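*Asks:* Below you will find the structure I want to go over with you.
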Amino acid sequence: NTIIWVLAFAPIIGVFLEGLFSGMTGISQASLWFVTLFLNIILGYMDEKKLKNAGHDTSKMGSVWLVPVYLFKRAKILKHNYAYFIVWCVLFGLLLIK
């Protein structure tokens, strides 16, 4: 579950990476919004691949590019609690109001 927990914190990790890349390149941080998007998608695909390799059917979990849907369905199907879904939603919500 390491990848899924990194994904849960991806909104805040992405903002950190945006700031890092902004400082390195001089491009405004607002213009680098896609860094967080790509981070979420890449981590989602990594998690999905790891689940498939472990023998889980991921077809009912939805598309990984819709991160909150994927996290919710993943928790439900694997009978996990919804903690990583809730963490992702809270952090994403905080980023929207910053």
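*Asks:* With everything on Cα atoms, drop me the angle between helix 33-53 and the longest principal axis of the chain, reported from 0 to 90° to the nearest 10.
*Replies:* Helix 33-53 sits roughly 20 degrees off the main axis of the chain.
*Asks:* As a test question: what accessible area, to the nearest 10 Å², does Thr2 have when a 1.4 Å probe is rolled over all protein chains in place?
*Replies:* Result for Thr2: roughly 100 Å² accessible.
*Asks:* Can you list residues from other chains, or at least 5 along the same chain, whose modelled amide H is less than 5 Å from the amide H of Leu66?
*Replies:* none
*Asks:* In whole Hz, with x marking every Gly and Pro, tabulate ³J(HN,Hα) for the range 63-80 from phi via Karplus 6.51 cos²θ - 1.76 cosθ + 1.60, θ = phi - 60°.
*Replies:* Result, ordered by residue: 6, 5, 6, 9, 3, x, 5, 4, 4, 5, 5, 4, 4, 5, 5, 8, 6, 9 Hz.
*Asks:* Additional query: Could you give each residue of the range 12-29 its phi-based ³J(HN,Hα) in whole Hz, using Karplus coefficients 6.51, -1.76, 1.60 with θ = phi - 60°, and x for Gly or Pro?
*Replies:* 7, 5, x, 5, 4, 5, 4, x, 4, 5, 5, x, 6, 9, x, 7, 4, 4
*Asks:* Additional query: Where does each of Val6, Val67, Val87 land when they are ordered by accessible area, with a 1.4 Å probe and the largest first?
*Replies:* On the way: Val6 60, Val67 10, Val87 40 Å².
Solvent-accessible surface, decreasing: Val6, Val87, Val67.
*Asks:* For Val90 and Ser63, what is the calculated FRET efficiency with R₀ set at 30 Å and r taken between the beta-carbons, to the nearest 0.05?
*Replies:* Details: r = 22 Å, r/R0 = 0.73.
It comes out at approximately 0.85.
*Asks:* Continuing with this model, one more query. For Asp57, Asp47, give the ranking by accessible area with the largest first, probe 1.4 Å. Walk me through the numbers on the way to the answer.
*Replies:* Values: Asp57 95, Asp47 5 Å².
Of Asp57, Asp47, the descending order of accessible area is Asp57, Asp47.
*Asks:* Moving to a separate point now. Report, in cubic angstrom per residue, the convex hull volume of the C-alpha atoms of the range 5-60.
*Replies:* Values: hull volume 4.5 nm³, N = 56.
Output value, Cα hull per residue: 80 Å³.
*Asks:* Between helix 83-96 and the chain, what is the angle of the helix's C-alpha long axis to the longest principal axis, kept within 0 to 90° and rounded to the nearest 10?
*Replies:* Long axis of 83-96 versus the principal axis of the chain: about 20 degrees.
*Asks:* Quote the charge dipole size of the chain about the Cα centre in Debye, to the nearest 20; the model charges only the Cβ of Lys and Arg (+1) and of Asp and Glu (-1).
*Replies:* Numbers: 9 positive and 4 negative charges, 75 e Å.
Computed about the Cα centre, the dipole is about 360 debye.
*Asks:* Using only alpha carbon pairs under 8 Å that are at least six residues apart, calculate the relative contact order of the chain and give it in whole percent.
*Replies:* On the way: 92 pairs, mean separation 30.3, N = 98.
It comes to 31 percent, rounded to a whole number.
*Asks:* So for each of 28-34, 59-65, 69-75 I average, over its residues, the number of other beta carbons within 10 Å; can you give me the resulting order with the highest mean first? Mind showing how you got there, number by number?
*Replies:* Working: 28-34: 12.1, 59-65: 14.9, 69-75: 20.4.
Highest to lowest by the protection proxy: 69-75, 59-65, 28-34.
The values are calculated or read from the model by the stated rules, or taken from the named source; none is laboratory data. Being a predicted model, the structure only gives us computed values, none of them experimental. All Cβ positions, glycine included, derive from the backbone under ideal geometry; neighbour counts span all protein chains shown. Heavy atoms of the whole protein, side chains included, go into the accessibility calculation; ligands, DNA and RNA do not. Shrake-Rupley method; radii C 1.70, N 1.55, O 1.52, S 1.80 Å.
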